[in-house]
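Structure record follows, encoded as structure tokens.
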Amino acid sequence: MAYHSRKSPRLKEYDYSSENYYFVTICTHDKKCIFGTPEELNTFGIIAKRELLQIPSHFDHVKIDQCVVMPNHVHAIVVIGCDNGDGTTEKLDMIVGQYKSGVTRKIRKLAPEMEVWQRSFHDHVIRSRSSYEKIWEYIAFNPQGWEKDCFYCR
């Protein structure tokens, strides 16, 4: 039996623990709208937002620069700073994995059978000031453009 090899969405040879700004998009399982509306998050959306804003309290030298929770996805600019003083740095996949796990644990206390996230996440290494500004603005105005969003669903 042949197994399908899944292609990694990460850049080959890139150190995702290096100091940088990263644009991250995390989608819900089957892109189902479980977080409410762009205008009003429901209980699950509030959990997703709260956990997103708590990431810096779990990781030294990591901050969330801009973020939004949409009905079926989350966008954030994650900033990874310098090492933790002991020669270690936080890796982007570890940060996102812990975030997804925390949200899932809290939501499953309310809805034990719910599948919350799709596998993996999308990231983009922000390499210029102009790219940063476009992404920051995209995230800030994503709720107003919901009906034109590629993830739009009713």
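The values are calculated or read from the model by the stated rules, or taken from the named source; none is laboratory data. Everything numeric here is computed off the predicted structure, so don't read it as measured data. Backbone-built Cβ (ideal geometry, glycine too); neighbour counts: all protein chains shown. Heads up: the accessible areas ignore ligands, DNA and RNA and are worked out on the full protein's heavy atoms, side chains in. Shrake-Rupley method; radii C 1.70, N 1.55, O 1.52, S 1.80 Å.
The residues of the stretch 50-65 that are over 11 Å from the mean Cα position of the chain (by Cα) and open to solvent by less than 30 Å² (accessible area, probe 1.4 Å), listed by number, are 59, 62. Residues in the stretch 114-154 that are part of a helix (DSSP H, G or I), open to solvent by 80 Å² or more (accessible area, probe 1.4 Å) and touching a residue at least 60 places away in the same chain (Cβ under 8 Å): 136, 138, 144. Tallying residues that are farther than 15 Å from residue 29 by Cβ and basic (Lys, Arg) within the stretch 106-117 yields 2.
Counting only strands (runs of 3 or more DSSP E) that sit wholly inside the stretch 1-113, those with at least 1 residues that are small (Gly, Ala, Ser) and at pLDDT 85 or above are 73-80.
Reported count of residues in the stretch 38-49, each being closer than 11 Å to residue 72 by Cβ and surrounded by fewer than 20 Cβ atoms within 10 Å (Cβ to Cβ), is 1.
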